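First comes the structure, then the notes that go with it.
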Amino acid sequence: TVYYYKDRFLKGGETPVPVEDRAFNYGDGIYEVVRFHRDRSFGLQEHLERLRDSAEAIRMALPFPLEEIESIVRSAVSQVEDEVVDVYFQISRGEALRVHPFPQTDPVLSLYARPGRIYTEDFREAGVAVITLPDERWSNCYIKSLNLLPNVLAKQAAVEAGAYEAVLIRDGWVTEASASNVFGYHDGVFFTHPANRHILNGITRRFLLRAIQKLGFTVQEEPMSEEFFQNEVESAFITSTTMELMPISKINQRELHPLGPESPVWQILQAFRTL
Ligand code: PDD
């Protein structure tokens, strides 16, 4: 793993944690995760733009212009030899005496780049089980904030239930999952929650929407009711930078049909791979 903190790459095991960094004390900051296949990124520009939008939404300046952040990201990636590299970068509002109002100090970039997890074809074809849980997060989920406690608690509950993801329900509607977006398929139509304040508008989600349309399927950015998702969808999948497209094999106790070769989700997966 290659680590970067504040203004430099770190050497051999050195990982400073400033006790009064606001990311550490308050979760006062934002982040992105981007995947590279060698030097080809998956949507780096869109990730950088979302970073800028998240910063703006929390009234935080960026420590460097976006182009400079881009070149630090690329430099980190080039230092990892693997075929698939994931870069995590976050911006904290800075290091300052711990009082709640914004500090006078500058925001701080930290980053790591490491080999990305590649799922086997067998894993993907088997799909993953999900459980549904109440969405206990705040009303600004479009911001990719460092505050992930509700997400962590939901994911842990899923793992403890023998599932892979927690699909979150707000007021009876599926929003997204703890670290991914959710799509359902029923009767020729794909559904996913609209990109509003209740979900993170995933970059993978956006690519998928285009792929689905390109294939000629109908896609509706409309929320699915919990009941519809639980009982009616014929297939479903989750999307994220690190999972890409992952079919769902089970929703709570209900098994979904496996990913057959001619199934719509299979076609979407193939189309996604040629993006
Ligand atoms: N998570 N929704 C939530 C709540 C997420 O945390 C993520 C990504 C997504 C998918 O977004 P994208 O397709 O842009 O990765 C949706 C990242 C990968 C993470 O926290 O590790």
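Just so it is clear, none of the values below were taken in a lab; they were calculated from the coordinates. Everything quoted here is computed from the prediction, not taken from an experiment. Note that we place each Cβ from the backbone using ideal geometry, even for glycine, and neighbour counts take in every protein chain shown.
Hey, what angle do you get for helix 203-214 against the long axis of the chain, alpha-carbon based, 0 to 90 degrees rounded to 10? Rounded to the nearest ten degrees, it is 40. Straight-line cross-link partners of residue 214 among the aspartates and glutamates, defined as a Cα under 17 Å from its Cα and at least 8 positions apart when in the same chain: 262. The modelled label-to-label distance between residue 61 and residue 7, using points 7 Å beyond Cα along the C-beta direction, is 1.5 nm.
Against the main long axis of the alpha-carbon atoms of the chain, helix 44-57 sits at an angle near 70°. Among 255, 165, 14, the largest mean-square fluctuation in a Gaussian network model of the chain (Cα springs under 10 Å) belongs to 14. Per residue, the convex hull spanned by the Cα atoms of the chain measures out at 134 cubic angstrom.
Once you sort the root eigenvalues of the Cα gyration tensor of region 91-147 as a ≥ b ≥ c, which label holds: rounded (a/c under 1.5), prolate (a/b larger than b/c) or oblate (the other case)? Oblate shape, in that a/c is at least 1.5 and b/c is the bigger or equal ratio.
Helix-only arithmetic for the chain: the sum of -39500 (n - 2.57) across DSSP H runs with n ≥ 4, divided by the residue total, places the mean residue ellipticity at 222 nm at -8500 deg cm²/dmol.
Among beta bridges identified by DSSP and lying wholly in region 146-275, the antiparallel ones come to about 85 percent.
Specify whether the C-alpha gyration tensor of region 1-104 places it in the rounded, prolate or oblate class, a ≥ b ≥ c being the square roots of the eigenvalues: rounded for a/c under 1.5, otherwise prolate if a/b is larger than b/c and oblate if not. Oblate shape, in that a/c is at least 1.5 and b/c is the bigger or equal ratio. Rounded to whole numbers, the Karplus 3J(HN,Hα) couplings from phi for region 223-228 are x, 8, 6, 4, 5, 4 Hz, using 6.51 cos²θ - 1.76 cosθ + 1.60 with θ = phi - 60°, and x at Gly and Pro. The label point for residue 227 and the one for residue 83, both projected 7 Å from the Cα toward the Cβ, are 4.7 nm apart. Under the simplified labelling scheme, the residue 189-residue 40 pair shows an inter-label distance of 3.5 nm, with each label point 7 Å from Cα along Cα→Cβ.
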